[in-house]
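Trainee: Submitted below is the structure of interest, expressed as structure tokens.
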Amino acid sequence: MSYLMKPNLILLPGLLNDARLWQHQADALAPIANISVADLTRHASMKELAADVLEQAPAGMFALAGMSMGGYVALEIMRQAPERVIALALLDTSARPDTPEATENRRKLMALAQTDFPAVSRGLREKLLHPAHLGDAELAERIDDMATVVGKDGFIRQQQAILSRIDSRPTLPTIPCSTLVLCGREDKLTPVEVHEEMTALIPHASLTIVEHCGHLSPIEQPQQVSEAMHGWLLNRRM
């Protein structure tokens, strides 16, 4: 399939992530899309974050990919401006609201951030990464560096936004565009079953499961994720 113009693609990072989460995908997809990575640190509600992304976005229509928290924002964008999104990718995320246990854990992390912010990133690694990647010093450094850039105040705003999100499952059947749902096989935070649920509810969705991968699929298995997203962009419904 050929295009007269490359589509715009907006990438939405996860909690405590910056543009480096998507570096491999941005490089790999540059020949077929105009890439931008949104800043998700400036507001404390999903509605405000989605509106901010729409303000940052290039004029007209665009493809949209979000990982984890970025997926929550992407689903809010689909409620605010579905007519602008030509293709959607939801990576290692969920349409469900938090459980009471997850809410309690978020509040504990917010309290920890006030007294020992670097401990937040260190403590999350075991939940974020596949066991085989826990000893990867380069990955650990990137995760910690991204967290440092987001900072304590940005992290707390992000957690407040996540706590404010609604159950997105009732609106999934209204998503009109081609949708890639992707997750790591060993994702502990948003397991395969929640991605199967989203795939079943979104009309034009397909599911990709990445092997030997935890929650941070774009940096744990960058090549596989880039290949899946390449196919998603080229084969989207026109």
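Trainee: What is the residue count in segment 201-231 for residues that are within 15 Å of THR93 (Cβ to Cβ), out of contact with any His (no Cβ under 8 Å at 6 or more places or on another chain) and not in a strand (DSSP E or B)?
Mentor: Selection size over segment 201-231: 7.
Trainee: Moving to a separate point now. Collect the residues in segment 24-43 that are crowded, with 16+ Cβ neighbours inside 10 Å, under 23 Å from ILE166 (Cβ atoms) and touching a residue at least 60 places away in the same chain (Cβ under 8 Å), keeping them in residue-number order.
Mentor: LEU40, THR41, HIS43, listed by residue number.
Trainee: Pick from LEU129, LEU172, LEU182: which is buried (at least 18 other Cβ atoms within 10 Å of the Cβ) and in contact with a Gly (Cβ under 6 Å, 6 or more places away or on another chain)? Quick ask: steps written out before the conclusion?
Mentor: On the way: LEU172 fails: in contact with a Gly (Cβ under 6 Å, 6 or more places away or on another chain); LEU182 fails: in contact with a Gly (Cβ under 6 Å, 6 or more places away or on another chain).
Result of the check over LEU129, LEU172, LEU182: LEU129.
Trainee: Now, a different point. Please go through (1) closer than 21 Å to VAL150 by Cα; (2) modelled with pLDDT of 95 or more; (3) surrounded by fewer than 20 Cβ atoms within 10 Å (Cβ to Cβ) for GLN56 and return the number of the only condition it doesn't satisfy.
Mentor: (2)
Trainee: Oh, and also: Return the residues of segment 142-192 that are among the acidic types (Asp, Glu) and more than 17 Å from the chain's Cα centre (by Cα); say none if nothing qualifies.
Mentor: Initial filter on segment 142-192 (among the acidic types (Asp, Glu)): 144-145, 153, 167, 186-187.
Once the filter is applied, which keeps residues that are among the acidic types (Asp, Glu) and more than 17 Å from the chain's Cα centre (by Cα), segment 142-192 yields ASP144, ASP145, ASP153.
Trainee: Sticking with this structure for a sec: Please go through segment 120-172 and give me each residue that is in a loop (DSSP other than H, G, I, E, B), farther than 25 Å from GLN221 by Cβ and among the charged types (D, E, K, R), ordered by number.
Mentor: In the first step, residues of segment 120-172 are kept if they are in a loop (DSSP other than H, G, I, E, B); the result is 129-130, 134-136, 164-168.
Next, from what is left, pick out any that are farther than 25 Å from GLN221 by Cβ: 164-168.
ARG165, ASP167, listed by residue number.
One line per residue, one yes/no per condition, for (1) part of a loop (DSSP other than H, G, I, E, B); (2) exposed (fewer than 15 other Cβ atoms within 10 Å of the Cβ); (3) aliphatic (A, V, I, L, M); (4) in contact with a Ser or Thr (Cβ under 9 Å, 6 or more places away or on another chain):
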| position | (1), (2), (3), (4) |
| --- | --- |
| LEU75 | no, no, yes, yes |
| ILE86 | no, no, yes, yes |
| ARG96 | yes, no, no, yes |
| GLU101 | no, yes, no, no |
| ARG107 | no, yes, no, no |
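The values are calculated or read from the model by the stated rules, or taken from the named source; none is laboratory data. For clarity, every value in this text was computed on a predicted model and none was experimentally measured. Neighbour counts run over all protein chains shown; Cβ positions are idealised from the backbone, glycine included.
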